[in-house]
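Inspection log for the structure reproduced underneath, given as structure tokens.
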Amino acid sequence: MKEELIIGRDPATGQPVCLHIKDGRIVSIEPGPEDCDLWISAGLIDLQVNGCAGRDFNGPEATVQGVIEIVEAMLATGVTCFAPTVITASETMMLRSLEVIAEARKASQRVAACIPFVHVEGPHISPLEGYRGAHPQEHIRPPSLEEFDRWQKSCGDLVGMVTMSPHYDDSAQYITGLVTRGIHVSLGHTHASTDQIHCAVEAGACLSTHLGNALPATLPRHPNPIWSQLAEDRLTASFIADGHHLPAETLKAMVRAKGIDQSILVSDMVALSGMPPGIYVAPVGGNVELSEDGRLSLLGSTALAGATVPLVQCIGKAVRMSGRPLNEILRMATEIPGRFVNNRGRIAVGSSADLIRFRWTGELIVHDVWLNGELIVL
Ligand SMILES: [Zn+2]
């Protein structure tokens, strides 16, 4: 039986706490000694990760080894739980990605612990320019529960979240089918009307994917999919707070409209995250330029070609952009996304000891990371 005491300062109260860890779980929480200078939090949770460190879950180059490397890179930045995101492609290619991720979970306990489920973003999204973002138009198709069941068969029921656009005629039926199967349905890349969004929520959709992005440059002033989703109290929204996808005032106003309790930070990182600045050929978007500050643009244009800023850095940016305190922003990267992952992301008696300790300098600097009570990074 392995036991350990972990001491850190709780950002919500400023008070030091001492966690007693036994067999990978938190068994008690006591006041800690005053002289501790590290902050403590549940490990970060990122519900949207396409890849990082030169590796991607998508495309013909996805491999079991690549998945293992992504997990190691995520842990090094304090993320102890994340959803690999498989995006719109041919069914054959999507099945391949799902199989590779399932294989990696079988090959490595650490991968299985970090990856609770896969997020499939697409292929049932808006085919319209702007709304579809970088998803390839030729592979966008109407919802099909038969196809969903083939996804699940290929990966042992590993898909746990689906982002779709409810503008299709039989969207409600599809959403009901997914919710019945225990899947979280998120709305995104959508030009759906207010009524269609309302019907989707009635059918059980509960999330908005990267709200404020995947939209054309000009929209009807109102109604439009932003207002309809912002006003819908049953939708929790995810936001990309990388400093490039949303201006500060937009993030601030949207988080205020939703409330912290219904706001989530995601990185939406692609394979080029963690790579040196330069010009690359990306599988989606072709020639792209990665700048020093993590902006990934189509070469010779200001158009974004994906996100590269890890969630840990988005926390500092979100604090600055929204003017909210660290403890609130941290909840958006732990407890709130954790509600969609069996209530992970909380420091509580009985919870798995997925923890980070860090310094706070206006940036969150990870000091050490535990996964199931095992010290991973020091
Ligand atoms: Zn997207």
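How high is the relative contact order of the stretch 128-262? Use alpha-carbon pairs under 8 Å, at least six apart in sequence, and give a whole percent. Write down the numbers at each step before the final one.
On the way: 181 pairs, mean separation 29.9, N = 135.
Relative contact order of the stretch 128-262: 22 percent.
Cut-off under 17 Å on the C-alpha distance; same-chain residues fewer than 8 positions from K252 excluded. Which lysines are left, in chain and number order?
Hits, sequence-local ones excluded: K317.
Could you run the Karplus curve 6.51 cos²θ - 1.76 cosθ + 1.60 with θ = phi - 60° over the stretch 18-35 and give me ³J(HN,Hα) per residue in whole Hz, x for Gly and Pro?
Computed from phi, the couplings for the stretch 18-35 are 10, 9, 9, 10, 9, 6, x, 10, 7, 9, 7, 10, 10, x, x, x, 5, 8 Hz.
Please give me the summed charge of the neighbours of I21: other residues whose Cβ is under 14 Å from its Cβ, Lys and Arg +1, Asp and Glu -1.
In short, -3.
Give, in nm to one decimal, the length gained when the segment between L219 and H20 is fully stretched (0.36 nm per residue of separation minus the Cα-Cα distance).
Taking L219 through H20 to full extension adds about 66.4 nm, to one decimal.
Among all stretches of the chain without exposed GluC sites (Glu not before Pro) (DSSP loop, at most 16 other Cβ atoms within 10 Å), which one is longest? Intermediate results must be reported in sequence, preceding the final value.
Details: sites that count: E34, E61, E129, E292, E363.
Maximal segment without exposed cleavage sites: 130-291.
Apply the Karplus curve 6.51 cos²θ - 1.76 cosθ + 1.60, θ = phi - 60°, to the phi angles in the stretch 109-123 and return the couplings in whole Hz, x for Gly and Pro.
4, 5, 4, 4, 5, 7, 10, x, 6, 9, 9, 9, 9, x, x
Evaluate the relative contact order of the chain (contact order divided by residue number), counting alpha-carbon pairs under 8 angstrom at least 6 apart; express in whole percent.
Normalised by residue count, the contact order of the chain is 19 percent.
Subtracting the Cα-Cα distance from 0.36 nm times the residue separation, let me have the gained length for D170 to D293 in nm, one decimal.
Taking D170 through D293 to full extension adds about 40.0 nm, to one decimal.
Convert each backbone phi in the stretch 242-254 into a coupling constant with the Karplus relation 6.51 cos²θ - 1.76 cosθ + 1.60 (shift: θ = phi - 60°), then list the ³J(HN,Hα) values in order as whole Hz, x for Gly and Pro.
Computed from phi, the couplings for the stretch 242-254 are 8, x, 10, 7, 9, x, 3, 5, 5, 4, 4, 5, 5 Hz.
Near the amide H of Q48, under 5 Å away, which other amide H atoms are found, from residues 5 or more places off or on another chain, if H is placed in the peptide plane?
Amide H neighbours of Q48: A83, S267, D268.
Once you compute Rg and the Kirkwood Rh from C-alpha atoms, what is the Rg to Rh ratio for the stretch 43-344?
Radius of gyration relative to Kirkwood radius: 0.93.
Can you tell me the length gained on complete extension of the stretch R181 to N343, counting 0.36 nm per residue apart and subtracting the Cα distance?
56.5 nm
Please go through the stretch 81-176 and write out the trypsin sites (Lys or Arg not before Pro) that DSSP classes as loop and that have at most 16 other C-beta atoms within 10 Å.
Values: sites: R96, R105, K106, R110, R132, R150, K153; in loops: R132.
Qualifying residues, ordered by number: none.
Estimate the FRET efficiency between E3 and E99 by the formula 1/(1 + (r/R0)^6), using the beta-carbon distance for r and 35 Å for R0, to the nearest 0.05.
0.35
Say R0 is 30 Å: what FRET efficiency, to the nearest 0.05, do E147 and T194 get from their beta-carbon distance?
Result of the calculation: an efficiency of 0.60.
If you filter the stretch 226-264 for trypsin sites (Lys or Arg not before Pro), then keep DSSP loop positions with at most 13 other Cβ within 10 Å, what is left?
Sites meeting the loop and neighbour criteria: R234.
Give the relative contact order (percent, whole number) for the stretch 190-279; include only Cα pairs under 8 Å separated by 6+ residues.
Relative contact order of the stretch 190-279: 30 percent.
No value in this document is a laboratory result; all are computed from the given coordinates. Being a predicted model, the structure only gives us computed values, none of them experimental. Here Cβ is always computed from backbone atoms with ideal geometry, including for glycine, and neighbour counts include all displayed protein chains.
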